[in-house]
Amino acid sequence: MYALVDCNNFFVSCERAFQPSLEGRPVVVLSNNDGCVVARSNESKALGIPMGTPYFKVKHLVDAGKLEVRSSNYTLYGDLSARVMSLLAEVAPKLEVYSIDEAFMNMDGIDPGELIPLCAGLIVKIRRWTGIPVSIGIAETKTLGKVANHFAKKYKGYHGVCVIDTPGKMEKALSLTPIGDVWGIGWRGAPKLEAAGVKTALDFVRQPEEWVRNRMGITGVRTWNELQGRRMVEEEKIEKRKSICTSRSFAETISDLDELTLRVSDFAGKCAEKLRKEGTAAGTVGVFIHTNRFRKDLSQYFPEASIRLEVPSSSSRDIIGTALQALRMGYRPGYEYKRAGVIVSDIVDASSIQQTIFGFDLSSRERDDRISKVMDQVNTSGKNVLRLGTQRPGHYADGIRREFCSKLFTTSWAELLEVR
């Protein structure tokens, strides 16, 4: 059996964990630069606020005291996610972290009669130890686990745990599940199926396999089988990324090359950290800087430049230095830049790098690798304590508008929760 654990309204729950005054109130969390709504409490959903709503459209509710708003605080969310996942790992024979707020526990080998008590106890423990409410859906396949989790979250009578373990339960659950809510179909695939008369998940599984294959291909057949209790989606294999991108939109436009140098250095440094964390190295470093395409009153310019490294690298010095060369290739004065980013590509395993015979200083590379390793060890807090001279200090604001950001609470000594 699979148990899908899903954190309820995760970003909002993270905010509430350290701000009890938000409990029971409509709350939304905004995207970078406080642009639009990316998370909603049940109370804000009841107000009719759709996901993705621009902040300016709900500002009147905030001003009237009818809605609480918070800027995204991904450092806090990531830390609380890690705490939740560590508690799951203590229980699950096998754990697959699916996203920041979801994980599949493979419960094969556990007595079916123990599943509900075990998961119920886990819900209590996670709430007590982290402040995060979770719901758990249990079924034979991952897709059915998603269906079960939906019911566990929607209906209080399940007390957070719903199990689909008999044909009768499966048929009833599928009959109550709109086709657009099925994992693997969603809002993109639903219109085509609804036009053919398939309104629910039960309607879908009652179609012949060939009918499903002709309309949705092998992916649709996989979902069709999963909804009938046949495992088709096993543990996801972790594959090395082919490219890594770090980019940001700026709160204000930037025209100064020195300021852009600081921003691009930060982005390149982050790419290098990700490469080292995954045990890989990049062969190409690219940079883009874009003006604001929505400002028709400003001159537009969208340059991109890439440079191939002689030998793939994950060294901060190599990646940042090459990124700054690419920046200078594309930069032109007189433009107001709104967004910039660094892309590292042609990624290979760091252990498989073939050193060139000529024109390459092996001792210099080994020194850079040692320096980068020390930087990673010191910078475990994510505060950028050790950095290259072209990067900004760790405490420096990253240029993203966060007017409603809460404290870090769990990762900064200076922002620990104060109890009076």
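The values are calculated or read from the model by the stated rules, or taken from the named source; none is laboratory data. Computed from a predicted model, the values in this text were never measured in an experiment. Note that we place each Cβ from the backbone using ideal geometry, even for glycine, and neighbour counts take in every protein chain shown. Accessible surface areas use protein heavy atoms only, side chains included; no ligands, DNA or RNA. Shrake-Rupley method; radii C 1.70, N 1.55, O 1.52, S 1.80 Å.
In a reduced charge model with +1 at each Lys and Arg Cβ and -1 at each Asp and Glu Cβ, the chain shows a dipole moment near 860 debye about its Cα centre.
Surface calculation, 1.4 Å probe, protein heavy atoms: H159 sits at approximately 150 Å² accessible. Coordinate range of the alpha-carbon atoms in the chain per principal axis, descending: 69, 59, 47 Å. Accessible area per residue for region 150-253 is 62 Å², calculated with a 1.4 Å probe on protein heavy atoms, without ligands, DNA or RNA.
Tell me, what are the semi-axes, in whole angstrom and largest first, of the equivalent ellipsoid of region 1-95 as set by the roots of 5 times the Cα gyration tensor eigenvalues?
Semi-axes (√(5λ), whole Å): 28, 13, 12.
Evaluate the charge dipole of region 77-136 about its Cα centre and quote only its size in Debye, nearest 20, assuming +1 on the Cβ of each Lys and Arg and -1 on the Cβ of each Asp and Glu.
Values: 5 positive and 8 negative charges, 57 e Å.
Once rounded to the nearest 20, the dipole reads 280 debye.
A simple count of charges around Y55, restricted to other residues whose Cβ falls under 14 Å of its Cβ and scoring Lys, Arg +1 and Asp, Glu -1, yields +2.
Using a probe of 1.4 angstrom and keeping all protein chains present, the accessible surface of region 56-136 works out to 49 square angstrom per residue. Counted as membrane-span-like here are DSSP H helices of the chain whose alpha-carbon atoms extend 15 Å or more along the helix's own axis and whose Kyte-Doolittle mean is -0.5 or above; these are 74-91, 112-130, 257-277, 316-330. Looking at region 14-101, which GluC sites (Glu not before Pro) are DSSP coil and have at most 15 other C-beta atoms within 10 Å of their C-beta? Here the GluC sites (Glu not before Pro) that fit, given the DSSP loop and packing criteria, are E23. 3J(HN,Hα) along region 25-37, derived from phi through the Karplus expression 6.51 cos²θ - 1.76 cosθ + 1.60 where θ = phi - 60°, amounts to 9, x, 9, 10, 10, 9, 6, 3, 6, 6, x, 8, 6 Hz, with x in place of Gly and Pro. Taking the charge dipole of the chain about its Cα centre, with +1 at Lys and Arg Cβ atoms and -1 at Asp and Glu Cβ atoms, the residue from S345, S265, M232 reaching farthest to the positive side is S265. For region 175-277, the tally of Lys pairs with Cα-Cα distances below 22 Å comes to 8, considering only residues 8 or more apart or on different chains. Cα gyration tensor of region 76-162, axes a ≥ b ≥ c as square roots of the eigenvalues: rounded (a/c below 1.5), prolate (a/b > b/c) or oblate? In terms of gyration-tensor shape, rounded.
Here is the size of region 260-305 from its Cα atoms: Rg then Dmax, 14.3, 45 Å. With contacts taken as Cα pairs under 8 Å and at least 6 residues apart, the chain reaches a relative contact order of 15 percent.
Please report, as a whole percent, how much of the solvent-accessible surface of region 197-308 comes from carbon and sulfur atoms (probe radius 1.4 Å). For region 197-308, the apolar C and S fraction of the accessible surface comes to 48 percent.
The chymotrypsin sites (Phe, Trp or Tyr not before Pro) found in region 241-288 include none that occupy coil by DSSP while having at most 11 further C-beta atoms within 10 Å. Counting only DSSP H runs of at least 4 residues, each contributing -39500 (n - 2.57), and dividing by the residue count of the chain, the helix-based mean residue ellipticity at 222 nm comes to -12500 deg cm²/dmol. Taking the accessible area of region 1-149, probe 1.4 Å, and keeping the other protein chains in place, the carbon and sulfur fraction comes to 55%.
Shape annotation for region 186-341: C-alpha extents along the principal axes are 63, 44, 23 Å, from largest to smallest. Since only P303, T291, T322 are under comparison, the one whose Cα sits farthest along the positive direction of the charge dipole of region 281-326, derived from C-beta charges on Lys, Arg, Asp and Glu, is T291. Rounded to the nearest 20 debye, the dipole size of region 92-170 about its Cα centre is 420 debye, using +1 on the Cβ of Lys and Arg and -1 on the Cβ of Asp and Glu. For region 225-317, the extents of the C-alpha atoms along the principal axes are 57, 38, 20 Å, listed from largest to smallest. Largest GNM mean-square fluctuation among E210, E304, E171, using the chain with Cα springs under 10 Å: E210. Only protein heavy atoms count here; on that basis, with a 1.4 Å probe, D111 has an accessible area of about 80 Å².
With an 8 Å Cα cut-off and a minimum separation of 6 or more residues, compute the relative contact order for region 185-277 in percent.
Normalised by residue count, the contact order of region 185-277 is 17 percent.
In summary, the aspartates and glutamates within cross-link reach of K153, defined as a Cα separation below 16 angstrom excluding same-chain residues under 8 places away, comprise D6, E43, D101, E102, D181.
Computed with every protein chain present, the accessible area of K199 is close to 110 Å² [probe 1.4 Å].
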